[in-house]
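Undergrad: Structure provided below as structure tokens; questions to follow.
The values are calculated or read from the model by the stated rules, or taken from the named source; none is laboratory data. No experiment lies behind these values; they were computed from the predicted model shown. Cβ: placed from backbone, ideal geometry, glycine included. Neighbour counts: every protein chain shown. For the accessible areas, the whole protein counts, side chains as well, though only heavy atoms, and no ligand, DNA or RNA atoms are used. Shrake-Rupley method; radii C 1.70, N 1.55, O 1.52, S 1.80 Å.
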Amino acid sequence: MCVQIRLTNTLTRQKEVFQPLVAGQVSMYVCGVTVYDHCHVGHARVYVVFDVIARALRQLGYLVRYVRNFTDVDDKIIARALKNGESCDALTERFIAAFHDDMDRLGCHRPDLEPRVTTHLCEIVAMVEQIIARGHAYAVAGEHGGADVYFDVDSFPAYGALSGRAQDDNQAGASERVGHDPRKRSQADFALWKSAKPGEPAWPSPWGLGRPGWHIECSAMSCRHLGDAFDLHGGGKDLVFPHHENELAQSKAANGGAFARYWLHNGFVTIDSEKMSKSLGNFFTIRDVLARFHPQVLRYYLLTAHYTQPLNFSDKSLEDATRRVLYICEKLARARALGAPVAGAPVEAVEAAKAEIDAALCDDFNTPRALAALSEPIALLARALDKPKAPESARTIAAVQTLFERAGAVLGLFDHPEATALAILVQARERLFPPGSPALAEVEAAVAARSEARAAKDWARADEWRQRLAGLGVELRDSRDGTEWRPALHEASAP
Ligand SMILES: [Zn+2]
């Protein structure tokens, strides 16, 4: 039984009740990456957001078919391959593998299908022919022979409906970007097919050798794998115009009106209020960030804002997420160490949290609200773990563990709490006290001095050193084997 979901539809600019084409099923297409370089945190957000959306829909009872493409032929790919002195194929294979590696580390499930442009040329050519046949595109002579095909924007009155742009804006924008092209009927017309330039990858077509324009690939691949009409189309906000506006026009022009019904767009990751992007040069790659922060920390941080809102990237926000994820994972690890939970009678506060998380996800996939709902259960667990022998504790510990398994499955978090907690600590130690740094030398000298004082049974001096270490952000764990130290990562309170 599927519950009612409300989502923000860019097409109508409203939060609407989601009604799938086929009851109980969801078809979803998300625009993938152009594979010529490593992905940055902005990409991580898009794919974590849509991973959670797919997981949530599945947990709420829908059968989901999730398609996400790879753009594996494009100007940037051709230029980069030429610069590197390698083939486009070698370059794209390498970055597809790197993308999969990043996504796997971030805990994103693979989509059901990951189609590539280079294996969908037949579908693309057929769609361009269809658009010409319906009077919405035209061919003009290409620069190096063959023909270029352009979409005729003026033939499609609904153009601009998704982005809310007026025709005049597009004309001005288009001419500023690419210069005036006298072959085009309107300067807003965009390429469906580009005739081959010497030395570039090219495929045969009715217009001679060439390759597809950027936008047509998603129209052709979504149609091929999800049909003319499907439910959800997603991507980052930067794709609304021109990419999705053009996709919408092409697809409707080709098939006579049907296409995606709901358009979901996630907000930018910003740095100092500016969008993180390759073109602005203010980006961090996913692997840069994962060298310093655990993938679960990055994933948690990416879910702390509603997907439609901007999310500001900073070390501080990642340190906050580090403390939170560590706190939760350590509690869950302690609970697991007690043995397999035995389900008891429901715990009211945990049941309420479960209902709240479901409600949050049904309300436009509100992940910050779902994360907030975990605060009370984790506080209950902390109290129960302090008194594990108390009769009501076993029931609480079991109920909270079950809740976190369920919430973790939809958020993609907390599934290996022991390993995650340990890795977070190791990484935090290296990050905050880098090997060879004066900070590390100071801590190690203080730990040694304290050990000496303890050996001499000078407890007052040992305590002084402990205090001094606390001031350096270090806490100590004494055992028979000696003293271990770790960065003090205390969770202040609820997020
Ligand atoms: Zn696309």
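Undergrad: Find which of Ser451, Gln4, Ala419 sits farthest along the positive direction of the dipole of the chain, computed with +1 on the beta-carbon of Lys and Arg, -1 on that of Asp and Glu, about the Cα centre.
TA: Of the listed residues, the answer is Ser451.
Undergrad: Now, a different point. Have a look at the chain and give its Rg and Dmax from the Cα atoms, expressed in angstrom.
TA: Over the chain's Cα set, Rg and Dmax evaluate to 27.1, 92 Å.
Undergrad: Please list, in chain and number order, the residues 5+ apart from Asn312 or on another chain whose amide H is under 5 Å from its amide H, with Hs placed from the backbone.
TA: Close amide H contacts, sequence-distant or interchain: Thr270.
Undergrad: Multiply the residue gap between Leu472 and Ala345 by 0.36 nm, knock off their C-alpha separation, and tell me the result in nm, one decimal place.
TA: 41.2 nm
Undergrad: Per-residue accessible area for Lys184 at 1.4 Å probe radius, Å² rounded to 10?
TA: Taking all protein chains as shown, Lys184 has close to 30 Å².
Undergrad: Full extension from Ser375 to Ala333: what is 0.36 nm times the residue separation minus their Cα-Cα distance, to one decimal in nm?
TA: 13.5 nm
Undergrad: Okay, moving on. Excluding residues fewer than 8 places away in the same chain, name every one of the lysines whose C-alpha is closer than 28 Å to that of Lys354.
TA: Lys15, Lys331, Lys387, Lys389
Undergrad: Next question. On a 1.4 Å probe surface of the protein chains, which of Arg292, Arg323 comes out largest in accessible area, and what is the full order?
TA: Final ranking, largest accessible area leading: Arg292, Arg323.
Undergrad: A follow-up question, please. Any idea what Rg and Dmax come out to for the stretch 280-382 if you just take the C-alpha atoms, in Å?
TA: Every Cα atom of the stretch 280-382 included, Rg and Dmax give 16.1, 55 Å.
Undergrad: Equivalent-ellipsoid semi-axes (√(5λ), Cα gyration tensor) for the stretch 1-143, whole Å, largest first?
TA: The answer is 31, 24, 13 Å, longest axis first.
Undergrad: Next question. Given R₀ = 25 Å, FRET efficiency for Arg13-Glu274 by Cβ-Cβ distance, to 0.05?
TA: So, using R0 = 25 Å, E works out to roughly 0.55.
Undergrad: Right, here's the next one. Taking every DSSP beta bridge that has both residues in the chain, what percent is antiparallel when rounded to the nearest 5?
TA: 50
Undergrad: Hey, another quick one. Using a 1.4 Å probe on the protein chains only, how many percent of the accessible area of the chain belongs to carbon and sulfur?
TA: 53
Undergrad: Taking H as built 1.01 Å from N, whose amide H comes closer than 5 Å to the amide H of Phe18, not counting residues under 5 places away?
TA: Hits under the 5 Å cutoff: Ile5, Arg6, Leu7.
Undergrad: Taking 8 Å as the Cα distance limit and 6 or more residues as the minimum spacing, I'd like the relative contact order of the chain as a percentage.
TA: 15
Undergrad: In the full protein assembly as shown, how much of Asp75 is accessible to a 1.4 Å probe, in Å² to the nearest 10?
TA: It works out to around 80 Å².
Undergrad: Report ³J(HN,Hα) in whole Hz for each residue of the stretch 243-257, in order, from the Karplus equation J = 6.51 cos²θ - 1.76 cosθ + 1.60 where θ = phi - 60°; Gly and Pro get x.
TA: 3J(HN,Hα) across the stretch 243-257, in whole Hz: 4, 6, 4, 6, 4, 4, 5, 4, 5, 5, 5, 6, 10, x, x.
Undergrad: Next up: Apply the Karplus parameterisation 6.51 cos²θ - 1.76 cosθ + 1.60, with θ equal to phi minus 60°, to every residue of the stretch 188-201 and state each ³J(HN,Hα) to the nearest whole Hz, in sequence, with x for glycine and proline.
TA: My calculation for the stretch 188-201 gives 7, 4, 10, 6, 9, 9, 10, 5, 5, 9, x, x, 8, x Hz in order.
Undergrad: Hey, what do the phi angles of the stretch 365-374 turn into as Karplus ³J(HN,Hα) couplings, whole Hz, using 6.51/-1.76/1.60 and θ = phi - 60°, x for Gly and Pro?
TA: 6, 7, 5, x, 5, 5, 5, 5, 5, 7
Undergrad: OK, next. Accessible area, 1.4 Å probe, largest first: how do His244, His180 sort?
TA: Final ranking, largest accessible area leading: His180, His244.
Undergrad: Helix 417-432 versus the longest principal axis of the chain: what angle, 0 to 90°, nearest 10, using Cα atoms?
TA: Between the helix axis and the principal axis of the chain, the angle is about 90 degrees.
Undergrad: On to the next question. About its Cα centre, what dipole magnitude does the chain give when the only charges are +1 on Lys and Arg Cβ and -1 on Asp and Glu Cβ, stated in debye to the nearest 20?
TA: That gives a dipole near 840 debye.
Undergrad: So if I place +1 on the C-beta of Lys and Arg and -1 on the C-beta of Asp and Glu, and nothing else carries charge, what would the dipole magnitude of the stretch 267-407 be about its Cα centre? I want it in debye, nearest 20.
TA: 520
Undergrad: Another question, then. Pulled fully out, how much extra length does the chain show between Ala445 and Glu356, if you take 0.36 nm times their separation in residues and subtract their Cα-Cα distance?
TA: Extending this stretch completely gives an extra 27.1 nm.
Undergrad: Long-range amide H contacts for Ala373: which residues qualify at under 5 Å (H placed 1.01 Å from N, peptide plane, sequence gap of 5 or more or a different chain)?
TA: Residues meeting the amide H criterion: none.
Undergrad: Now a separate question. In Å and whole numbers, how far do the C-alpha atoms of the stretch 156-286 stretch along each principal axis, longest first?
TA: Here the spans come out as 48, 36, 34 Å, largest first.
Undergrad: Let me check something: with ligands and nucleic acids excluded, how do Thr10, Thr304, Thr71, Thr119 order by accessible area (1.4 Å probe), largest to smallest?
TA: Largest to smallest exposure gives the sequence Thr119, Thr304, Thr10, Thr71.
Undergrad: If you don't mind, there's one more thing I want to ask. Once the Cα atoms of helix 459-471 and of the chain are each reduced to a long axis, what angle between those two axes, in degrees from 0 to 90 to the nearest 10, is obtained?
TA: For 459-471 against the chain, the angle is about 20 degrees.
Undergrad: What accessible area per residue, rounded to a whole number of Å², is obtained for the chain using a probe radius of 1.4 Å?
TA: On the way: 21980 Å² over 495 residues.
Heavy-atom accessible area per residue stands at 44 Å².
Undergrad: What's the angle, to the nearest 10 degrees (0 to 90), between helix 375-386's Cα axis and the longest principal axis of the chain?
TA: Relative to the chain, helix 375-386 is tipped by roughly 30 degrees.
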